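Inspection log for the structure reproduced underneath, given as structure tokens.
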Amino acid sequence: MRLLKNKKGDVALVTMLITLAIIIVVGLIVTGNLYSTATNMDLGTQGNSTRTTLFNNIYSAFNLAVIIPIVAAAGAIMGVIFTYFQGKGT
């Protein structure tokens, strides 16, 4: 039952989820600004192809990064449930 009363753990989890959400949003803003700047440059055929591939990979990474807070919250919920039932003696 000690884990259910752990306020520091609760605060740390909420802080981590908020921080991840802020990092994802700021990262997307920075990437969008870099993309708009890079599209105005003529990098040649190979440079333009590399730029397109790079930004496609970055956007794919951000799409996958959205899953991280969901998994962290699910893990916390499972931890609370397991701890609760462990205290019940079942």
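To keep it simple, each residue is scored yes or no on (1) touching a residue at least 60 places away in the same chain (Cβ under 8 Å); (2) outside any helix (DSSP H, G or I); (3) within 28 Å of VAL14 (Cβ to Cβ).
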site	(1), (2), (3)
ALA38	no, no, no
GLY47	no, no, no
ARG51	no, no, no
LEU54	no, no, no
ALA72	no, no, yes
VAL80	yes, no, yes
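Against the condition at pLDDT below 85 and on the phi < 0 side of the Ramachandran plot, how does ASN48 come out, does it pass?
Taking the combined requirement at face value, the residue does not satisfy it.
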Out of the range 1-23, which residues are at pLDDT 85 or above and surrounded by 12 or more Cβ atoms within 10 Å (Cβ to Cβ)? ILE23
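The values are calculated or read from the model by the stated rules, or taken from the named source; none is laboratory data. Because the structure is predicted, anything quoted here is derived from the model rather than measured. Neighbour counts are summed over all protein chains in view; Cβ atoms, including those assigned to glycine, are modelled from backbone coordinates with ideal geometry.
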